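First comes the structure, then the notes that go with it.
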Amino acid sequence: MIGQTMSHYRILEDARTAAAWAWSIRPRTPGSSAPLALKFLSETMARDRHALERFEREAQAASRLNHPHICTVYDIDEHEGRHFIAMELLEGQTLRQRILEKRMEF
């Protein structure tokens, strides 16, 4: 997968997450130096019409938000039948890790 192009994203690194329903890779769009995350719906979940609809609905809702504690969604696309979200790549702990570590203050 490294070096391949999906839609208009060139894959630089595989950084799969532990999420059971999706995985992310580090792509770079042509002409951009900022790495992004592509989050793909897993093959199992992609066969579930309700899961696919929820995935797309959540991506559309997130793309309308702009907040420092929410990653930016740049694109909702499909490549060879695989649905994905192109989003801001954020390094660090997952929300689950953070919550288990200590209570968050807002």
For this session: Look at region 65-77 and say how many of its residues are of a type outside the set (A, V, I, L, M, F, W, C) and in contact with a strand residue (DSSP E or B) (Cβ under 7 Å, 6 or more places away or on another chain).
Result: 4
Exercise. Given the conditions (1) under 25 Å from MET6 (Cβ atoms); (2) free of Cβ contacts under 8 Å to residues at least 12 places away in the same chain; (3) in contact with an Asp or Glu (Cβ under 8 Å, 6 or more places away or on another chain), and given that PHE84 satisfies all but one, which numbered condition is not satisfied?
Worked result: (2)
Exercise. Taking into account only those residues within region 65-99 that are within 15 Å of the chain's Cα centre (by Cα), modelled with pLDDT of 85 or more and of a type in the set (D, E, K, R), which is surrounded by the fewest Cβ atoms within 10 Å (Cβ to Cβ)?
Worked result: GLU78
Problem set entry | Counted residues, region 32-51 - those being part of a loop (DSSP other than H, G, I, E, B) and under 15 Å from the mean Cα position of the chain (by Cα) | 3
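The values are calculated or read from the model by the stated rules, or taken from the named source; none is laboratory data. Because the structure is predicted, anything quoted here is derived from the model rather than measured. Here the Cβ is made from the backbone with ideal geometry for all residues, glycine too, and neighbour counts use every protein chain on show.
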